[in-house]
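Values in this text are rule-based calculations from the coordinates and carry no lab data. Because the structure is a prediction, the values reported are computed rather than measured. Note: ideal-geometry Cβ built from the backbone for every residue, glycine included; neighbour counts use all protein chains shown.
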Amino acid sequence: MRIAAISLAFAMWILPGAGNAQMTVDMSAIRCEQYLAMAPDQARDFSAWMSGWFSQKIGKAWVDLVAYEKNITNVKAWCTYHPKDTVMSGLQKSTGTQ
């Protein structure tokens, strides 16, 4: 009984730390080859984040879903020819932002 109580106390002490695990990703360091190799759900999330970030950067306060899909297609096409470049650098070149 005592061992079970100690095990339970240890588990309660250690489990909250596991729930707070976080991972940081430098979005500006993602290379085109990494973007093209992403699973569809990861690529969708990454594309949405980058789209929102660049829209804010150039002062857009709206979302054009048709343009969004077209931009994703264009970025993927650009990335096939520039696999070692970062996606961020390609977007900066295409939008004229730095």
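Starting from the stretch 62-81, keep only residues that are surrounded by 15 or more Cβ atoms within 10 Å (Cβ to Cβ), then list their pairs with residues that are in a helix (DSSP H, G or I) and charged (D, E, K, R) whose Cβ atoms are within a distance under 8 Å, requiring at least 6 positions of separation or different chains.
CYS79/GLU33
For ALA77, only one of the following conditions fails: (1) over 21 Å from PRO40 (Cβ atoms); (2) in a helix (DSSP H, G or I). What is its number?
(1)
Select from the stretch 18-33 the residues that are assigned to a helix (DSSP H, G or I) and in contact (Cβ under 8 Å) with a residue 40 or more places away in the chain and write down the one among them that is farthest from ASN71 (Cα to Cα).
This residue is ALA29.
Starting from residues that are crowded, with 16+ Cβ neighbours inside 10 Å and β-branched (Val, Ile, Thr), keep the ones in the stretch 82-96 and report whichever is nearest to the chain's Cα centre (by Cα).
Step by step, filter the stretch 82-96, then rank; the result is VAL87.
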